[in-house]
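Okay, so here's the structure we're looking at.
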Amino acid sequence: MKLRQWRSIRTPKEKLRFSSTPQRNPNPTHSQCLENLSQLCHQKDLSKAVATMVAMEDQHCRADPITYSSLIKLCIENHAVNEGRRVHQHLLDDGRPPKLFLSNSLLSMYVKFNLFDDARRLFDEMPERNVVSWTTMISALVHLDSREEAMKYLIAMHREGIRPNMYTFSAVLRACQTLRTLWSIHCCIIKCGLELDVFVRSSLIDVYSKYGDLEYGYQVFDEMATRDLVVWNSIIGGFAQSGDGYKALELFIDMKRAGFLANQSTLTSGLRACTGTVMLEMGRQVHVHVLKYDRDLILNNALLDMYCKCGSLAEANAVFQRMKERDVISWSTMISGLAQNGRSIEALRLFDSMKATGTKPNYITMVGVLFACSHAGLVEDGWYYFNSMAKVFGIEPGREHYGCIVDLLGRAGKLEEALNFIDTMGFQLDSVIWRTLLGACRVHRNSGLAAHAAKEILKLEPEDEGTYILLSNIYADSRRWSDVEQVRKAMRDQGVRKEPGRSWIDVGKKTHVFIVGDFSHPEMNSISKELNRLIGRITEVGYVPDVKFVLHDLEREQKEESLRYHSEKLAIAFGVMNSMGGKPIRIMKNLRICGDCHEFAKLAAKVENKTIVIRDPVRFHHFQDGICSCGDYW
DNA sequence: GTAGGGTTAG
């Protein structure tokens with residue numbers, strides 16, 4: 001195809017087309033031609049310029065390299081592939097190879113047109129190559145995600161005796177995805193004396209934080225005397241993506257103090273930081289700065305995700321409705337957001353709207369759709385979407401989709417069927433699948449299968465405390481105390497400690513943290529009183545403390561006492577004390593909410609006529625009027 | 001003529 005295009009441009013007809021542009025003088029002199037061509041390039045009139053160039057061929061006339069360079073630039077600007085090839089051909093017709101810098105321009109042109117094969121052909125035919133030629137190729141390979149190939153070129157370049165420069169390194173760093181290769185390239189950079197270059201540094205920070213160790217990235221950042229905006233963005237993005245939202249926001253503030261203005265990239269990372277750490281109020285503050293970039297799709301998608309992950313679907317929906325442009329990520333974010341917040345039917349309706357607008361779903365969209373089905377118990381729909389994925393949308397189901405089906409069957413109580421389905425999977429099993437099954441076993445009280453699933457998880461992740469605790473709770477639920485004791489012993493043997501439960505809530509501009517059994521909050525007395533008052537009120541409507549969620553073999557009274565001070569209860573009491581008007585009380589948790597606190601929150605929401613939103617590490621629970629959005633499947 | 005930072009699941 002490409003070859004045909006190439007030839008067709010050389011047919012007499014094509015030549016005629018290029019030369020048929022009316023010209024004042026049908027037989028211009030050489031110097032007129034040159035003058036013309038240079039002027040047309042200057043005026044950015046591509047078609048006339050190419051026509052003049054073709055006319056010059058007949059008169060065996062050639063322009064100067066600078067003019068050709070502008071002509072190539074013009075082709076790139078207009079994305080004029082055929083014209084670009086014609087210029088290349090014209091230069092070859094001269095009989096002598098083009099000047100090195102012109103060949104490099106052509107190389108760069110092919111790369112920008114995504115014609116890598118043409119670029120490679122030209123590169124291979126070049127009699128002489130310099131650092132620019134090599135760097136152009138390496139950079140192209142990195143963008144094509146051909147990392148090994150990029151490294152091969154770096155080595156070949158060394159062999160030819162060409163020294164890489166800062167351009168080469170900042171491109172090639174992106175091809176390093178292991179700490180070991182990063183170190184060796186970093187060494188080369190130091191040897192070449194290029195460590196101080198800001199471009200090289202920002203690449204180092206970026207790749208260290210993505211593929212190696214954020215600590216090294218921070219070190220590279222910290223040592224810098226002069227930093228630019230991209231360097232700041234690299235480090236802020238590094239922390240935001242690795243989940244340390246606090247550090248990311250701290251650096252965000254440092255950056256502003258250093259006199260830099262946040263751009264789209266900074267704000268996207270800022271939002272990501274709020275998303276990861278569930279800081280809704282901070283997210284809203286970042287939103288204010290986002291307003292001036294209301295056409296930036298990536299930034300709006302990040303905003304959407306922030307509101308979804310912080311459990312504020314009303315605000316997410318407002319952003320979604322106002323977006324001037326939506327892509328598959330916007331739709332997928334909103335679909336998953338609705339599903340994760342217990343609004344599966346709306347999620348599926350949105351999926352229909354998405355298809356109606358002609359946006360094609362991708363792999364992740366289908367994870368969201370299947371998640372919605374499993375969480376709403378829509379077994380038939382789930383199977384339908386799963387089975388039709390490949391046929392209708394051309395997406396082969398992957399591990400995550402299979403996981404959703406296990407969840408779908410598990411929630412519906414079809415545990416054996418779920419286990420059989422796991423056996424038919426062609427993937428290597430990971431802990432996520434088993435954890436899904438374990439969750440289903442807990443709800444449907446199948447302790448035998450639960451033990452099997454838990455053991456499979458612990459084979460893969462022997463230090464996973466959540467699994468030990470879940471298993472122990474399941475045994476406790478069936479009053480199998482000796483098994484409970486065995487689990488606890490296994491935990492001790494593995495050196496696994498139960499991480500203390502922690503909940504946090506924003507009141508005013510402060511985040512208040514509550515830790516189970518920790519009474520150091522300055523307002524603890526009134527919180528305790530409020531908690532007692534709440535327990536009193538919900539006991540009137542039928543609350544009975546569900547002590548099976550206490551690990552220790554204590555007397556019932558002691559168990560109740562231990563439950564009473566679960567961190568989320570303290571946070572709820574504090575939230576009720578400080579709640580204003582109809583605003584939801586929003587609480588975040590480090591561990592999954594226990595069944596007793598779940599019941600407590602449902603009733604507290606009812607008697608206080610409030611909405612309580614609790615985000616645990618897995619999902620959201622919106623408590624309102626005595627029911628929870630998760631349908632009691634936590 | 002060659003280089004760096006941002007978005008969706010689990």
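The values are calculated or read from the model by the stated rules, or taken from the named source; none is laboratory data. Because the structure is predicted, anything quoted here is derived from the model rather than measured. FYI the Cβ positions are ideal-geometry reconstructions off the backbone, even for glycines, and counts take in every protein chain you see. Each accessible area value is taken on the protein alone, full model and side chains, heavy atoms only, with ligands, DNA and RNA left out. Shrake-Rupley method; radii C 1.70, N 1.55, O 1.52, S 1.80 Å.
With the other protein chains left in place, how much accessible area per residue, in square angstrom, belongs to chain A at a 1.4 angstrom probe?
Values: 31410 Å² over 634 residues.
I get 50 Å² per residue for this part.
Which aspartates and glutamates have a Cα lying under 15 Å from the Cα of residue A:210, excluding residues fewer than 8 positions away in the same chain?
Correct list for residue A:210: A:244.
Please give, to one decimal in nm, the separation of the simple spin-label points placed at residue A:396 and residue A:414, each 7 Å out from Cα toward the Cβ.
2.5 nm
Can you give the extra length, in nm with one decimal, that the chain gains between residue A:511 and residue A:112 once fully stretched, where that is 0.36 nm per residue apart less the Cα-Cα distance?
Details: separation 399, 0.36 × 399 = 143.64 nm, distance 4.89 nm.
Extending this stretch completely gives an extra 138.7 nm.
Please work out the FRET efficiency for the pair residue A:177 and residue A:444, using the Cβ-Cβ distance as r and a Förster radius of 41 Å; give the result to the nearest 0.05.
Numbers: r = 42 Å, r/R0 = 1.02.
It comes out at approximately 0.45.
Could you let me know the centre-to-centre spacing of segment A:393-410 and segment A:567-633, using Cα atoms, in angstrom?
Between the Cα centre of segment A:393-410 and that of segment A:567-633, the gap is 30 Å.
Would you compute the Debye intensity of chain A from its alpha-carbon atoms alone, equal scatterers and no solvent, and pass along log10 I(q)/I(0) at q = 0.05, 0.12 Å⁻¹ to two decimals?
Rounded to two decimals, the profile gives -0.35, -1.34.
Starting from 0.36 nm per residue, how many nanometres of slack lie between residue A:314 and residue A:188 once their C-alpha separation is accounted for? Write down the numbers at each step before the final one.
Working: separation 126, 0.36 × 126 = 45.36 nm, distance 5.18 nm.
Net length gain for the segment: 40.2 nm.
Let's see if you can work this out: charge +1 on each Lys and Arg Cβ, -1 on each Asp and Glu Cβ, no other charges. What is the dipole magnitude of segment A:291-422 about its Cα centre, in debye to the nearest 20? Don't skip to the end; give the middle numbers.
Working: 14 positive and 15 negative charges, 68 e Å.
Charge dipole, segment A:291-422, about its Cα centre: 320 debye, nearest 20.
Step through the table entries A:455/A:559; A:309/A:414; A:459/A:489; A:44/A:73, compare each Cα-Cα distance with 21 Å, and write down the pairs that go over it.
Working: A:455/A:559 28 Å; A:309/A:414 30 Å; A:459/A:489 16 Å; A:44/A:73 10 Å.
In this structure, A:455/A:559; A:309/A:414 lie more than 21 Å apart at Cα.
What is the magnitude of the charge dipole of chain A about its Cα centre, with +1 placed on the Cβ of each Lys and Arg, -1 on the Cβ of each Asp and Glu, and no other charges, expressed in debye to the nearest 20? Please report the intermediate quantities before stating the final value.
Working: 81 positive and 76 negative charges, 268 e Å.
In debye, rounded to 20, chain A gives about 1280.
Between residue A:526 and residue A:497, what is the label-to-label distance in nm when each label sits 7 Å out along the Cα-to-Cβ direction?
3.4 nm
Provide Rg over Rh for segment A:502-628; use the alpha carbon set for both Rg and the Kirkwood Rh (inverse mean inverse pair distance).
0.93
Out of the total accessible area of chain A (probe 1.4 Å, heavy atoms of protein only), what percent is carbon and sulfur? Walk me through the numbers before you get to the answer.
Details: 16160 of 31410 Å².
Using a 1.4 Å probe with all protein chains present, chain A comes out at 51 percent carbon and sulfur.
Using the Cβ atoms and a cut-off under 14 Å, what net charge is assigned to the surroundings of residue A:323, where Lys and Arg are +1 and Asp and Glu are -1? Write down the numbers at each step before the final one.
On the way: positive: A:295, A:322, A:324, A:326; negative: A:294, A:296, A:305, A:315, A:325, A:327.
With Lys, Arg at +1 and Asp, Glu at -1, the net is -2.
Farthest toward the dipole's positive end in chain A, which of A:288, A:486, A:181, given Cβ charges of +1 (Lys, Arg) and -1 (Asp, Glu) about the Cα centre?
Farthest towards the positive pole: A:288.
Order A:436, A:266 by their accessible area, 1.4 angstrom probe, all chains in place, largest first. Can you show the working numbers first?
Working: A:436 30, A:266 0 Å².
Order by accessible area, largest first: A:436, A:266.
Could you derive backbone 3J(HN,Hα) for segment A:518-523 from the dihedral phi with the Karplus parameters 6.51, -1.76 and 1.60 (θ = phi - 60°), listing whole Hz in sequence and x where the residue is Gly or Pro?
So the Karplus estimates, Gly and Pro as x, are 9, 10, 7, 4, x, 9 Hz.
Of the trypsin sites (Lys or Arg not before Pro) in segment A:271-324, which ones lie in a loop per DSSP and count no more than 13 other C-beta atoms within 10 Å? Intermediate values should be presented prior to the final figure.
Numbers: sites: A:272, A:284, A:292, A:295, A:309, A:322, A:324; in loops: A:295, A:324.
For trypsin sites (Lys or Arg not before Pro) across segment A:271-324 that sit outside H, G, I, E and B with at most 13 neighbouring Cβ atoms in 10 Å, the list reads A:295, A:324.
Under 8 Å for C-alpha pairs, at least 6 residues apart: give me the relative contact order for segment A:326-397, rounded to a whole percent.
On the way: 80 pairs, mean separation 23.4, N = 72.
Reported relative contact order: 32 percent.
If the chain between residue A:253 and residue A:625 were fully stretched, how many nm would it gain, using 0.36 nm times the residue separation less the Cα-Cα distance? Intermediate values should be presented prior to the final figure.
On the way: separation 372, 0.36 × 372 = 133.92 nm, distance 4.03 nm.
Going from the current span to full extension adds 129.9 nm.
Within segment A:600-634, which residues have the backbone N less than 16 Å from the label spot 7 Å out from residue A:533 along Cα→beta-carbon, could you tell me?
So the set is A:604-610.
Over segment A:407-494, what relative contact order in percent results from Cα pairs under 8 Å that are six or more residues apart?
22 percent
Can you figure out the FRET efficiency of residue A:77 with residue A:427, using R₀ = 41 Å and their beta-carbon distance, to the nearest 0.05?
Plugging the Cβ-Cβ distance into 1/(1 + (r/R0)^6) gives 0.30.
Return one number: the angle in degrees, 0 to 90 and rounded to the nearest 10, between the long axis of the Cα atoms of helix A:245-257 and the longest principal axis of the Cα atoms of chain A.
Its long axis makes an angle of about 50 degrees.
For a Förster distance of 41 Å, can you work out the FRET efficiency between the beta-carbons of residue A:100 and residue A:460, rounded to the nearest 0.05? Mind showing how you got there, number by number?
On the way: r = 55 Å, r/R0 = 1.35.
The formula returns an efficiency of 0.15 here.
Compute the acute angle (0 to 90°) between the alpha-carbon long axis of helix A:65-77 and the principal axis of greatest extent of the alpha-carbon atoms of chain A; round to the nearest 10°.
40 degrees
State, as an integer percentage, the relative contact order of chain A based on alpha-carbon contacts under 8 Å between residues 6 or more apart. All intermediate terms of the calculation are to be shown ahead of the outcome.
On the way: 853 pairs, mean separation 33.9, N = 634.
Relative CO of chain A lands at 5 percent.
Given the options A:409, A:437, A:471, identify the residue whose Cα lies farthest towards the positive end of the charge dipole of segment A:394-496 (+1 on Cβ of Lys, Arg; -1 on Cβ of Asp, Glu).
Checking the options against the dipole of segment A:394-496, the answer is A:471.
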